[in-house]
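The values are calculated or read from the model by the stated rules, or taken from the named source; none is laboratory data. Source: prediction; values computed, not measured. Backbone-built Cβ (ideal geometry, glycine too); neighbour counts: all protein chains shown.
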Amino acid sequence: MTDMAVKIQIAPEARPSIPSWFGEVAAFAQILKQIGMLDAIQTHVRFARARFGQYDTIDFAVVLIGYALSGEPTLRAFYDRLTPFADPFMALFGRSRLPHRATLSRFLAALPQPAVEALRSLFQKDLVARPPASSPPGGLWDRQGNHWLVMDVDGTKQAARQRALPHTPDLPPAHRRFEQVCAPGYLGRKRGEVARTRTTVLQAHTHQWVGTYGGAGNGDYRGELRQAVKAISAYATAHAIPLSQILVRVDGLYGNAAPLLDVFASGLGVIVRGKDYHLLDLPMVQAVLGFPPNQICTHPESGAIRALYDCPAVPLTPGGPLVRLIVASHPATSTPQKIGKKRDGMVYELFVTRLAAPAFSAKDVLDLYLHRGSFETVLADEDREQDPDRWVSHTPCGQECFQILAQWVWNLRLELGQHLSPTAMRTTEFAPALINEPTPVNEPTPVNEPALVNEPALVNEPAVVYGPPQWARPSFTRGFPGAAFALQPDGTLRCPTNHPLYAQERRTERDGSYRLLYSARIGDCRTCELRAQCQENPSTSKPRRVSAVFWPVSSPEELPSAPVLGPPEPLPQPIDLLPHSPVLWGDWPRCQIRRNWLKVARSETVVVAMEAAPTEKPIAMTSDQVMTRAQRAHWRLSWLERFACNARLFTAKPLTVTIYGLPDTFALVYGFALLAVA
């Protein structure tokens with residue numbers, strides 16, 4: 001039944017609807033003009049090539065900014081929605097014509113690395129120039145009241161699918177579109193044949209991006225980490241925060257000594273999951289593992305129980321810096337462990353840091369590392385709202401350019417959301433205050449931790465004292481004897497060519513003695529000049545191993561005056577300290593600020609009105625307007641001439657964009673004109 005009061009009619013002419021993201025683009029265009037970002041890109045990001053046409057770098061930059069704001073899945077979908085409003089879109093940024101999608105692709109393919117680095121420098125300068133929501137911009141307060149700023153450094157993967165192509169003599173070599181931007185690498189949980197890694201730096205309290213660095217395949221993780229350290233140092237300097245109060249959280253990819261030395265050299269603090277499991281064999285670590293654990297940690301969700309052992313001063317390398325090593329252990333199960341080292345039915349995990357023990361307990365260090373889940377949620381939000389890993393170009397520089405602009409848009413959205421609905425910093429009790437109780441020494445440990453020897457070790461029994469090491473005799477191959485490997489103060493050995501040997505295994509003999517096995521690195525043995533004199537077979541794939549036998553002594557008088565390689569003296573139990581303050585975490589909501597802005601920008605009415613331009617008389621062609629061949633090639637035009645080719649003329653149609661729903665205070669901050677209400 002049809003209601004006669006309702007009339008539905010159809011108009012033959014097409015009138016596309018305004019995209020929901022057009023109002024946000026208009027607001028961003030006004031703000032980018034006010035803060036001088038468009039002028040900065042025009043001045044500093046300069047790139048010229050032959051047959052460039054009438055467009056300049058700024059024309060392609062504003063298209064990529066609109067693409068990042070729109071959230072459209074592909075460039076083609078973005079252009080389909082933008083084409084009916086191409087003139088108003090470009091007029092918002094003071095430009096005339098919209099570059100074609102193919103022209104944009106050719107620009108990104110030819111973009112050089114210096115232009116990308118200039119754009120990255122502008123991004124980082126604008127980041128530190130923008131006023132933070134408060135001073136300091138969030139942070140972490142330890143148990144002694146010291147302030148820290150936490151930064152997350154991690155990588156995300158983007159996989160690409162490739163068809164299997166035949167390789168026969170009658171066919172030319174296969175051409176892959178992703179051969180420059182991708183390479184074979186670790187794909188994670190994503191399906192594909194090749195991948196690209198993007199290393200990102202996140203300010204964990206304001207959820208601002210500090211930098212992005214991409215690479216084909218697994219990327220250059222050490223080089224990207226060094227770039228991230230420079231960006232973090234510049235951020236800390238701009239906000240007057242000492243580098244020693246910046247805490248960088250990284251995952252196990254950077255868990256060995258080589259990348260950690262780069263971070264330590266900069267003066268930054270760090271928390272990382274270590275993967276140098278040979279540290280477990282150091283005598284000082286073995287001595288700590290022989291005592292009851294310092295703390296017991298229970299995961300709040302999975303219920304997994306870890307026994308935490310705090311080793312305060314462990315050499316990261318034989319001659320390297322001393323770090324704080326947290327060893328977390330739990331019994332092994334029938335399911336193979338993905339993380340950690342399994343030994344004698346126990347799984348050991350290593351966490352390396354330089355945080356002082358009075359300010360952070362062992363459980364605090366573990367909780368801070370596992371709190372990296374906030375970084376993963378921000379990455380998930382970025383994938384849903386912007387998806388900066390989507391393919392924009394098949395060249396590394398073009399892809400990097402879009403990702404830098406996408407992070408720029410993300411940070412500006414946070415700033416706009418804060419001005420739209422100001423939100424105060426929230427303070428959370430990250431860890432409660434500790435009131436130390438006397439530690440029961442004579443009671444057995446509550447965790448099933450294996451002792452250093454196979455016999456059950458009781459706390460009340462006297463410690464066994466061992467004599468000096470007795471080295472293995474030379475073998476029938478007449479190689480170097482064990483005595484030729486000098487003992488070092490850190491418990492390692494040095495071979496005749498000055499390469500280290502690390503303790504790998506400890507065997508308990510039936511007669512009460514034990515054997516300690518040392519092993520070198522195969523990489524050192526392969527390039528050693530004395531390998532033929534040291535090992536039985538120069539072509540063997542095994543490194544050199546040395547063993548020492550320790551015999552127990554019956555009285556202290558039998559101990560030699562030389563240093564003994566046996567287990568070190570038992571470490572004293574931790575002294576009861578005064579109650580500590582709680583660990584406090586100050587940050588802002590992860591989604592509320594940004595999504596409030598998106599809700600207003602996408603749901604409110606936007607009116608676009610372009611008035612008719614006054615009629616102009618045709619201008620007669622004169623000899624002064626004849627172009628030369630160099631000008632037609634667009635190669636030797638000056639920078640101002642290139643910029644003026646696509647600039648919007650003063651005689652163009654006036655454009656008026658009205659955005660509803662934004663408060664008066666927001667308009668005053670960014671210089672928007674207020675609509676006169678009758």
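For the range 61-97, enumerate the residues that are under 13 Å from Trp21 (Cβ atoms) and among the hydroxyl-bearing types (Ser, Thr, Tyr).
Tyr67, Ser70
With His147, His100 as the choices, which residue is in contact (Cβ under 8 Å) with a residue 24 or more places away in the chain and either surrounded by 12 or more Cβ atoms within 10 Å (Cβ to Cβ) or β-branched (Val, Ile, Thr) (or both)?
Numbers: His100 fails: in contact (Cβ under 8 Å) with a residue 24 or more places away in the chain.
Answer to the check: His147.
What do you reckon, is Val116 within 21 Å of the chain's Cα centre (by Cα), closer than 25 Å to His44 by Cα and at pLDDT below 90? Lay out the reasoning, then the answer.
On the way: within 21 Å of the chain's Cα centre (by Cα): yes; closer than 25 Å to His44 by Cα: yes; at pLDDT below 90: no.
Answer is no for this residue.
Taking the range 363-391, which residues are in a helix (DSSP H, G or I), touching a residue at least 12 places away in the same chain (Cβ under 8 Å) and either basic (Lys, Arg) or assigned by TED's automatic domain parsing to the domain that holds Thr333 (or both)?
Listed by number, the list holds a single entry, Lys363.
Table: residues versus (1) touching a residue at least 40 places away in the same chain (Cβ under 8 Å); (2) assigned to a loop (DSSP other than H, G, I, E, B); (3) not β-branched (Val, Ile, Thr).
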| site | (1), (2), (3) |
| --- | --- |
| Met4 | no, yes, yes |
| Pro12 | no, yes, yes |
| Pro16 | yes, yes, yes |
| Ala29 | yes, no, yes |
| Tyr55 | yes, yes, yes |
| Asp59 | yes, no, yes |
| Val62 | no, no, no |
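Among the residues of the range 64-109, how many are closer than 22 Å to Trp408 by Cβ and in a loop (DSSP other than H, G, I, E, B)?
Selection size over the range 64-109: 8.
Determine which member of the set Gln162, Gln158 is outside any loop (DSSP other than H, G, I, E, B) and out of contact with any helix residue (DSSP H, G or I) (no Cβ under 6 Å at 6 or more places or on another chain). Outline the logic, then answer.
On the way: Gln162 fails: outside any loop (DSSP other than H, G, I, E, B).
Criteria check complete, one pass: Gln158.
Which members of the range 369-416 meet the condition of being among the polar types (S, T, N, Q) and at pLDDT 90 or above? I'd like the intermediate steps shown before the answer.
Going through the range 369-416, the residues among the polar types (S, T, N, Q) turn out to be 374, 377, 386, 393, 395, 399, 403, 407, 411.
Within the range 369-416, Ser393, Thr395, Gln399, Gln403, Gln407, Asn411 qualify.
Could you please let me know if Gln34 is under 24 Å from Phe123 (Cβ atoms), surrounded by 14 or more Cβ atoms within 10 Å (Cβ to Cβ), touching a residue at least 40 places away in the same chain (Cβ under 8 Å) and over 27 Å from the mean Cα position of the chain (by Cα)? Show your work before the answer.
Working: under 24 Å from Phe123 (Cβ atoms): yes; surrounded by 14 or more Cβ atoms within 10 Å (Cβ to Cβ): no; touching a residue at least 40 places away in the same chain (Cβ under 8 Å): yes; over 27 Å from the mean Cα position of the chain (by Cα): yes.
So Gln34 fails the test.
Take the residues in the range 372-421 that are aliphatic (A, V, I, L, M) and farther than 24 Å from Thr103 by Cα, then tell me which one is surrounded by the fewest Cβ atoms within 10 Å (Cβ to Cβ).
Let us first name the residues in the range 372-421 that are aliphatic (A, V, I, L, M), namely 378-380, 392, 404-406, 409, 412, 414, 416, 420.
From what's left, farther than 24 Å from Thr103 by Cα: 378-380, 412, 414, 416, 420.
Values: Val378: 21, Leu379: 17, Ala380: 10, Leu412: 21, Leu414: 18, Leu416: 24, Leu420: 20.
In this case the residue turns out to be Ala380.
Quick one: which strands (runs of 3 or more DSSP E) lie wholly within the range 494-608 and hold at least 1 residues that are modelled with pLDDT of 75 or more and acidic (Asp, Glu)?
Numbers: elements: 500-508, 514-520, 545-550, 583-587.
In the range 494-608, 583-587 are the strands (runs of 3 or more DSSP E) which contain 1 or more residues that are modelled with pLDDT of 75 or more and acidic (Asp, Glu).
Any idea how many residues of the range 262-279 are outside any loop (DSSP other than H, G, I, E, B), surrounded by fewer than 19 Cβ atoms within 10 Å (Cβ to Cβ) and not hydroxyl-bearing (Ser, Thr, Tyr)?
So the first thing to find is which residues in the range 262-279 are outside any loop (DSSP other than H, G, I, E, B), and the list is 262-266, 269-274, 277-279.
When the remaining residues are screened for being surrounded by fewer than 19 Cβ atoms within 10 Å (Cβ to Cβ), the result is 262, 264-266, 277-278.
If we keep only those that are not hydroxyl-bearing (Ser, Thr, Tyr) as well, we get 262, 264-265, 278.
Total meeting the criteria: 4.
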